[in-house]
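Enquirer: My structure is below; once you've seen it, I'll send some questions.
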Amino acid sequence: MKLFAEQYRDCRVLITGHTGFKGSWLALWLTKLGANVFGYSLPPESTPNHWELLSMDISQYFHDIRDAETMAKTVAEVRPEIVFHLAAQPLVRRSYREPLETWSTNVMGTANLLEACRHSPNLRAIVVVTTDKCYENQEWAWGYRENDRLGGHDPYSASKAAAELVVNSYRKAFFHHAEAPLLASARAGNVIGGGDWSEDRLIPDLVRSLTERKTLLIRSPSATRPWQHVLESLSGYLLLGQKLLQGKTEMTGAWNFGPETEGNRTVADVLEGLQANWPKMTWQTNDQPQPHEANLLYLDNAKAKTLLGWKPVWNFDKTLEATGQWYRHYYQNGQLSSEAQLAYYITTARIAGVEWAFS
C-alpha cells in the first residue's frame, strides 16, 4: 500500500523526542513506511512507556536538546533528509513548577536544532511541532487560525509561542535561499490515544486512577478542548513533510491540525464517553485552587484541509473508543495493539478517500 507518495521509503528521518507519546507513534509509523529512522531524546520518564514497549530497533541518541554542541554533532552524523522536531517540555502544570526548564527546552532547544540543521547539507525539510496553546487565548467561540496572534499565559504556552517565533526567524534569516531546507511548524489539538502515561494529563490520570482503584480528581470539567487521536495529528505532520520533501515552497509556514467542530468537547464529555469502555470509572471535581489554564480553545483546520488535502479520519466517538480499547487490551492481555490500530486507521482513511492514503 502506497502512502504519502512513497516519500519516506528509504528516507533518512530524524525524530527529536522519539521516546515520548507522539514521538514513539511517529517512529512506529515511519518504520512501517520504510524510512530509516533515527531518534534523539531523553530517556522515557514513565514506567511503563510506549517507546520501550514497542521494542523498536532504530539508531538512538540519548541527549538533551539544550546541549547545542551534541545536537550539532548528532545532526552532522545522522545526515537526515527530514527532521520532525517533537522534543519539548509539554506539560502546562509542570511549566508552573519548572518555568526555566520549560523556557530553555522549548525555546533554546528549538533554536539549537535549527542551528544544527542550518549546517546540514543533505537536509531537505524540517517540521517543528508546537501546540494549539501557542495562540494568545481570547476564549473565543470560534477556532484560531494560523495568522492569529501568538501568546500564552502559562510558561508552557508562552514558550511554544516563542518557539514559533524562532521558527519564523530562522525561515526568514537562514532558510530563504533556493538550496535551503523547507521549514514548517505544526499545531495540533489535545492529542489522546494509547500509550500515554504522562503526568497531569486527563487520559493517563484516568488510567492510573483505574489501575490504582482510586477516584479521579478533575480540575476543570467544563473546559473545552479540540480532542483528537494521536494518529490524526501524525497524519498531518507526515503529509506536511511529504509536501516539503517534494520541494513545495508554498507549504512552508504554520499549519493547524485540529479535529472537526464536533471534536471540540468538554472534559466532562470525554469522561462520559470513556465510561462506556470503563463502567467502573468514577471521578469528582477538585475544588482546590488551580494554576490558570485556558477554558475555551478551538482550532480552525480549514487551511490544512484546503491547501494540504488533509482531513480528520476518526470522529470524537471513534477517538475515545480506540483510546479505551488500547488501554484495556494492554492491561487485560499485556499486549500492545499499536500496530493493529495504525493499520485500522489507514484502512478507515482509505474508505474516507483521504489523499495521503492513496498517493
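Enquirer: For the range 168-177, which positions are in a helix (DSSP H, G or I) and either aliphatic (A, V, I, L, M) or open to solvent by 70 Å² or more (accessible area, probe 1.4 Å) (or both)? Break it down stepwise before answering.
Expert: Initial filter on the range 168-177 (in a helix (DSSP H, G or I)): 168-173.
Across the range 168-177, the qualifying residues are LYS172, ALA173.
Enquirer: Being surrounded by 19 or more Cβ atoms within 10 Å (Cβ to Cβ), within 23 Å of VAL127 (Cβ to Cβ) and aliphatic (A, V, I, L, M) narrows it down to one of LEU206, LEU202, LEU165, LEU234, so name that one.
Expert: LEU234
Enquirer: Filter the range 65-93 for residues that are charged (D, E, K, R) and at pLDDT 95 or above and give the result.
Expert: Listed by number, the residues that qualify are ARG66, ASP67, GLU69, LYS73, GLU77, ARG79, GLU81.
Table: residues versus (1) exposed (fewer than 15 other Cβ atoms within 10 Å of the Cβ); (2) touching a strand residue (DSSP E or B) at 6+ places or on another chain (Cβ under 6 Å); (3) among the hydroxyl-bearing types (Ser, Thr, Tyr); (4) farther than 24 Å from THR47 by Cβ.
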residue	(1), (2), (3), (4)
GLU260	yes, no, no, yes
ASP269	no, no, no, yes
MET281	no, no, no, no
LEU299	no, yes, no, yes
LEU307	yes, no, no, yes
HIS329	no, no, no, no
ILE346	no, no, no, yes
ALA352	yes, no, no, yes
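Here is a yes/no grid of residues against (1) among the small types (Gly, Ala, Ser); (2) without any contact (Cβ under 8 Å) to a residue 40 or more places away in the chain:
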{"position": "TRP310", "(1), (2)": "no, no"}
{"position": "GLN332", "(1), (2)": "no, yes"}
{"position": "LEU336", "(1), (2)": "no, no"}
{"position": "ALA343", "(1), (2)": "yes, yes"}
{"position": "ILE346", "(1), (2)": "no, no"}
{"position": "ALA349", "(1), (2)": "yes, no"}
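Enquirer: Moving on to the next point. Looking only at the range 20-50, count every residue that is β-branched (Val, Ile, Thr) and crowded, with 24+ Cβ neighbours inside 10 Å and tell me the total.
Expert: Applying the first criterion (β-branched (Val, Ile, Thr)) to the range 20-50 yields 31, 37, 47.
Checking which are crowded, with 24+ Cβ neighbours inside 10 Å leaves us with 37.
Going through the range 20-50 one residue at a time, the tally reaches 1.
Enquirer: So GLU146 fits all but one of (1) open to solvent by 50 Å² or more (accessible area, probe 1.4 Å); (2) farther than 29 Å from GLU52 by Cα; what number is the exception?
Expert: GLU146 satisfies every listed condition except (1).
Enquirer: Here's another thing I want to ask about it. Within the range 84-134, count every residue that is outside any helix (DSSP H, G or I) and surrounded by fewer than 18 Cβ atoms within 10 Å (Cβ to Cβ).
Expert: 5
The values are calculated or read from the model by the stated rules, or taken from the named source; none is laboratory data. Keep in mind that this is a model prediction, so the values were computed, not measured. Glycine gets a Cβ as well: all are built from the backbone with ideal geometry, and neighbour counts include every protein chain shown. Ligands, DNA and RNA are excluded from the accessible area calculation, which covers all protein heavy atoms including side chains. Shrake-Rupley method; radii C 1.70, N 1.55, O 1.52, S 1.80 Å.
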